[in-house]
Amino acid sequence: MTTQVTNNSFIKKLKSSGRSLVVFYGSQTGTGEEFAGRIAKEGMRYHLKGMVADPEECEMEDLINLKDIPNSLAVFCLATYGEGDPTDNAMEFYGWLQNGDADLTGLNYSVFGLGNKTYEHYNEVAKYVDKRMEELGATRVFELGLGDDDANIEEDFITWKDRFWPAVCEFFGIESTGEDVSVRQYKLTEHEEVNHDRVYTGEVARLHSLKNQRPPFDAKNPFLAKIKVNRELHKSGDRSCMHIEFDIEGSKMRYETGDHVAVYPQNNEALVNRLGELLGVNLDTVFTLTNTDGVRNMGRRYFLDDFSLSLHTKVYPNTVHVTAVLVEYETPTGRTNKGVATTWLAAKKPKDDTEPPVVPIFIRRSQFRLPTRTQTPIIMIGPGTGLAPFRGFVQERNQSKEEGKPVGDTILYFGCRKKAEDFIYEEELTEYVNKGVLKMNVAFSRDQKEKVYVTHLLENTLDDIWRVIGEHNGHLYVCGDARNMARDVHNIVLKVVQEKGNMTEADALAYVKKMEAQKRYSADVWS
């Protein structure tokens with residue numbers, strides 16, 4: 001069965017331009033899109049004219065019609081985000097695969113995944129898509145490739161790609177032209193006179209959302225939120241941690257405790273000007289770039305940063321709060337690198353005598369949720385800014401208690417360098433402890449001769465942890481560094497289950513896996 005080709009169909013675009021290779025990308029930071037572009041470009045070396053496509057911009061149901069194009073091939077470069085979730089732009093396509101039963105017989109495909117081995121759900125999206133496409137009748141041209149961002153994802157991609165193309169040649173009976181097509185080709189045309197309304201000045205401006213603020217607000221239509229508060233959380237020291245409150249009144253944006261806010265930052269103007277000087281170009285020049293290499297792009301790249309919300313919606317219905325460390329570090333060559341988003345946000349401080357600064361934002365849903373039963377005990381492990389979502393969790397548990405609901409144990413493990421320096425939200429948390437809402441365990445790594453971390457606190461309270469997750473079916477949450485802390489916590493949880501639950505190593509692993517499947521063990525981590 002075939003479906004009607006719509007005006008929005010990538011099939012129509014492929015046919016009208018004589019293309020047979022379409023490379024879809026699921027990308028949160030741009031790497032997946034970049035890899036897709038490189039595959040589409042290299043296709044020309046093998047007589048396969050390519051097109052890069054954003055699945056969110058395409059009628060993905062038309063995949064069943066791709067077989068009508070001779071020697072056609074669909075490649076998917078898909079990143080896994082969060083707890084095994086697809087990226088925003090691949091969400092609808094992923095849902096279509098999960099819930100549909102389209103007949104993809106005759107469709108040729110390959111998948112490359114972008115993930116991070118420090119995360120529990122490593123490359124889960126790519127693995128699922130690769131398996132599901134085959135289940136629906138599609139033909140796998142080459143094996144699934146998996147890139148690890150914790151090691152060297154570029155090397156993983158090149159290694160996979162160097163084996164992918166020979167497999168494509170064998171499958172379709174084609175040969176390489178030997179032509180070097182690794183560099184994209186463009187023609188640059190400068191314009192003396194131009195209608196400035198037609199000049200591209202960035203993704204957000206392109207979407208006109210800065211001029212026409214109409215809900216619903218999302219990645220393609222961000223809300224211009226006013227900054228109500230931007231204050232320093234660290235009491236002293238050479239590092240900075242900001243508490244920022246965005247005003248979302250009138251936006252109709254809704255969020256739940258544990259969600260994220262995505263922010264569209266801008267590049268540092270001084271750095272942009274310096275780059276212009278080094279390149280010897282006039283940054284006010286209006287120009288057009290026309291691609292001349294035959295590779296067509298469908299879709300745009302969005303650069304944004306995510307921050308965990310650090311509040312409860314019932315307590316603050318018209319604002320969203322984030323907790324952000326100012327990123328600044330010295331490279332091995334002595335150069336100072338600054339985080340784009342946090343440096344930009346740090347400069348946006350409201351003043352009494354001027355209009356508050358505004359920031360384009362939208363709410364990104366998360367699976368990081370409190371249990372529906374308020375009496376279920378919980379353990380929260382969040383050193384540093386990993387505390388952010390747990391501030392909201394504690395606010396919500398406090399709200400439930402004030403409403404007369406039974407509330408289970410709410411236990412926090414928090415860590416920082418020094419109590420007098422970077423114990424963020426100390427007064428607020430202490431108040432919850434005094435009210436009987438919160439039980440708090442804190443590690444200060446630099447306040448004594450021997451360094452003490454959150455993991456040390458966990459090692460000393462194995463019985464308490466088992467009481468929550470083993471005897472009372474409680475929930476355990478981890479937020480923070482994926483590379484070290486989250487991995488260490490995972491090992492400690494396994495130790496708790498094995499020793500206190502009297503299980504074998506295999507049974508303990510199965511128990512923790514079941515906790516994860518039941519959302520009783522959740523992680524919101526980064527590396």
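The values are calculated or read from the model by the stated rules, or taken from the named source; none is laboratory data. Since this is a predicted model, take the numbers as computed values, not measurements. Note: ideal-geometry Cβ built from the backbone for every residue, glycine included; neighbour counts use all protein chains shown.
What to note about this one:
- Residue check, Val493 at pLDDT below 95 and either hydrophobic (A, V, I, L, M, F, W, C) or under 31 Å from the mean Cα position of the chain (by Cα) (or both): no
- For region 17-34, filtered to residues that are modelled with pLDDT under 95 and either part of a helix (DSSP H, G or I) or among the β-branched types (Val, Ile, Thr) (or both), the residue that is surrounded by the most Cβ atoms within 10 Å (Cβ to Cβ) is Gly32.
- Remark: pairs (first residue in region 386-400, closer than 20 Å to Met242 by Cβ; second residue of a type in the set (Gly, Ala, Ser); Cβ separation under 6 Å; 6+ apart in sequence or on different chains) = Gly386/Gly480; Ala388/Ser308; Ala388/Ser310; Pro389/Gly258; Pro389/Ser308; Phe390/Gly382; Arg391/Ser310; Gly392/Ser310.
- Selection of region 89-116 for residues being surrounded by fewer than 17 Cβ atoms within 10 Å (Cβ to Cβ) and part of a loop (DSSP other than H, G, I, E, B) yields Gly100, Asp101, Asp103, Thr105, Gly106.
- Qualifying residue in region 494-505 (condition: part of a helix (DSSP H, G or I) and of a type in the set (Ser, Thr, Tyr)): no
- Within region 506-522, the residues that satisfy the criterion of being assigned to a helix (DSSP H, G or I) and among the charged types (D, E, K, R) are Asp507, Lys513, Lys514, Glu516.
- Taken as a whole, the condition of being more than 23 Å from Val322 (Cβ to Cβ) and part of a loop (DSSP other than H, G, I, E, B) applies to Leu283.
- Region 68-88, subset touching a strand residue (DSSP E or B) at 6+ places or on another chain (Cβ under 8 Å) and not in a strand (DSSP E or B), residue surrounded by the most Cβ atoms within 10 Å (Cβ to Cβ): Thr87
Residue-wise test of (1) in contact with a strand residue (DSSP E or B) (Cβ under 9 Å, 6 or more places away or on another chain); (2) modelled with pLDDT of 95 or more; (3) assigned by TED's automatic domain parsing to the domain that holds Pro357.
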position: Pro222; (1), (2), (3): yes, no, yes
position: Lys226; (1), (2), (3): yes, yes, yes
position: Phe246; (1), (2), (3): yes, yes, yes
position: Val286; (1), (2), (3): yes, no, no
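- Residue match in region 186-197 (condition: modelled with pLDDT under 85, in a helix (DSSP H, G or I) and outside the structural domain of Glu426 (by TED's automatic domain parsing)): yes
- Cβ-Cβ distances below 6 Å connect the following pairs, each with a first residue in region 463-475 that is closer than 19 Å to Arg397 by Cα, a second residue that is crowded, with 17+ Cβ neighbours inside 10 Å and of a type in the set (Gly, Ala, Ser), and a separation of six or more residues or different chains: Val468/Gly474.
- Strands (runs of 3 or more DSSP E) lying entirely in region 376-476 (those with 2 or more residues that are hydroxyl-bearing (Ser, Thr, Tyr)): 410-416
- Condition check for Ala262 on (1) modelled with pLDDT under 95; (2) over 23 Å from the mean Cα position of the chain (by Cα); (3) of a type in the set (A, V, I, L, M): one failure, at (2).
- Of all the numbered requirements in (1) buried (at least 24 other Cβ atoms within 10 Å of the Cβ); (2) under 18 Å from the mean Cα position of the chain (by Cα), Ala40 misses one, and that requirement is (2).
- Pairs, first farther than 20 Å from Pro265 by Cβ in region 328-355, second of a type outside the set (Phe, Trp, Tyr), C-beta under 8 Å, six or more apart: Glu330/Thr336; Glu330/Asn337; Thr331/Asn337
- For region 342-357, the count of residues that are in contact with an Asp or Glu (Cβ under 7 Å, 6 or more places away or on another chain) and of a type outside the set (Lys, Arg) is zero.
- Scan of region 129-167 for residues that are part of a loop (DSSP other than H, G, I, E, B), in contact (Cβ under 8 Å) with a residue 12 or more places away in the chain and of a type outside the set (D, E, K, R), ordered by number: Leu136, Gly137, Ala138, Val141, Phe142, Leu144, Ala151
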